[in-house]
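Here's the structure we're looking at; comments come further down.
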Amino acid sequence: MTSNAETRHQVFVSSTYLDLVEERRAVIQALLELDCIPAGMEMFPAADDDQWTLIREVIDLSDYYVVIVGGRYGSVSAAGISFTEMEYDYAVSKGIPVLGFVHGDPASIPAGRSELDPEAREKLDGFRSKVMQRMVKQFKSPDELASVVSRGLVRAMKTQPRPGWVRGDQAMTDTVRAEMAELRAALAEKERAELAHRAAESKIDESFEHGEDRIDLTFIVSQRVFNDVPQSVELDYSWDHLVALLGPFMIDEAPEPSLRAVLCQHATGRLTAEEEAWEELTRPSVAIADSSWGTVLVQLRALGIIDTGTKKRTVSDSAVYWKLTPAGDNYLIRLKAKKRVQ
């Protein structure tokens, strides 16, 4: 995508601070004159490990990286590496164009702006050698540094072009507008598809028996009145009745044995109430036949009313869990919810 908008490049300026105050000021002024966006330690008042994440984010957003090596190694991290060297290594690892600038006469740097500690000086020498392995420019004064930075950056922009930044209003080209329109249309189509999918999920499949359609369920009954010989008994239910009976337990996931027990308990009550002979029984044992229970599950799944549970269980829990689908939840609400009388 091309654009006629004015592009500005962000340049990260990395160096020690107290010994290079004037040099940094001259470099930042030079960057501003090139319509660049300077970024650097002025944004980070205290160099500590807590800010390293922020520093990396700013480097990631920069188009070019400028490192200035003077007479000091600078503040070090817990690992004993200066933040300037850490910034340099990170910029190199991210493939950001690096422009290195080292002092041309380190011996002339005043003692107050130089490392006096032998260990720190050794680390500084190592860092300077690392930077000089790449193409670098030397400087001896702030003005000279500003000049070589300007020339180096102009050349880098030609040989290593980077995306840069543009004002939001300038970035809105005809191409961008067309792309945004296409994205909006695609998003709207996706939203319509999702709404249609959710609407479909909220309705049962009425091509299968439901509502007041009825089914005969077989229960196995054991009790002394039958001389302990199990007897088969058929009870008819409507599908509405079954959903109203089992549905409330599946608003959250329910184990299959518990659902079978609910249906068997209801069947026991019906048998006790409908048959005079059952008045003589004490705690009759009623179990729904596996074939009938399987028919109930298949039909409720075919209607889109229930689905298997998805919650994680313990290894020892081998039960199958069932839950209402959105369509099943709507179905149950229509069956059980009571409307306010006006």
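The values are calculated or read from the model by the stated rules, or taken from the named source; none is laboratory data. Keep in mind it's a predicted model, so treat the numbers as computed, not measured. Cβ placement follows ideal geometry from the backbone for every residue including glycine, while neighbour counts extend to all protein chains displayed.
Among the residues of region 237-260, write down those that are of a type in the set (Gly, Ala, Ser) and touching a Lys or Arg at 6+ places or on another chain (Cβ under 9 Å). Break it down into steps so the answer makes sense when it comes.
Step one: filter region 237-260 for residues of a type in the set (Gly, Ala, Ser), giving 238, 244, 247, 254, 258.
Those that are of a type in the set (Gly, Ala, Ser) and touching a Lys or Arg at 6+ places or on another chain (Cβ under 9 Å): Ser238, Ala244, Gly247, Ala254.
A Cβ distance below 9 Å, combined with a sequence gap of six or more or placement on separate chains, defines the contacts here; from region 153-180, residues that are modelled with pLDDT under 80 reach residues that are surrounded by 11 or more Cβ atoms within 10 Å (Cβ to Cβ) and assigned to a helix (DSSP H, G or I) in the pairs Met172/Met180. When each of Gly71, Gly95 is tested for being in a loop (DSSP other than H, G, I, E, B), in contact with a Lys or Arg (Cβ under 8 Å, 6 or more places away or on another chain), under 20 Å from Val149 (Cα atoms) and modelled with pLDDT of 90 or more, the lone residue that passes is Gly71. Within the set Ser129, Ser150, the sole residue that is touching a residue at least 12 places away in the same chain (Cβ under 8 Å) and either more than 16 Å from Thr16 (Cα to Cα) or part of a loop (DSSP other than H, G, I, E, B) (or both) turns out to be Ser150. Put simply, of Gly100, Gly80, Gly112 the only residue that is small (Gly, Ala, Ser), modelled with pLDDT under 95 and either part of a helix (DSSP H, G or I) or surrounded by 11 or more Cβ atoms within 10 Å (Cβ to Cβ) (or both) is Gly112.
Is it the case that region 156-167 has a residue that's more than 21 Å from Leu34 (Cβ to Cβ) and surrounded by fewer than 15 Cβ atoms within 10 Å (Cβ to Cβ)?
So the first thing to find is which residues in region 156-167 are more than 21 Å from Leu34 (Cβ to Cβ), and the list is none.
Checked against the condition, which is being more than 21 Å from Leu34 (Cβ to Cβ) and surrounded by fewer than 15 Cβ atoms within 10 Å (Cβ to Cβ), region 156-167 yields no hits at all.
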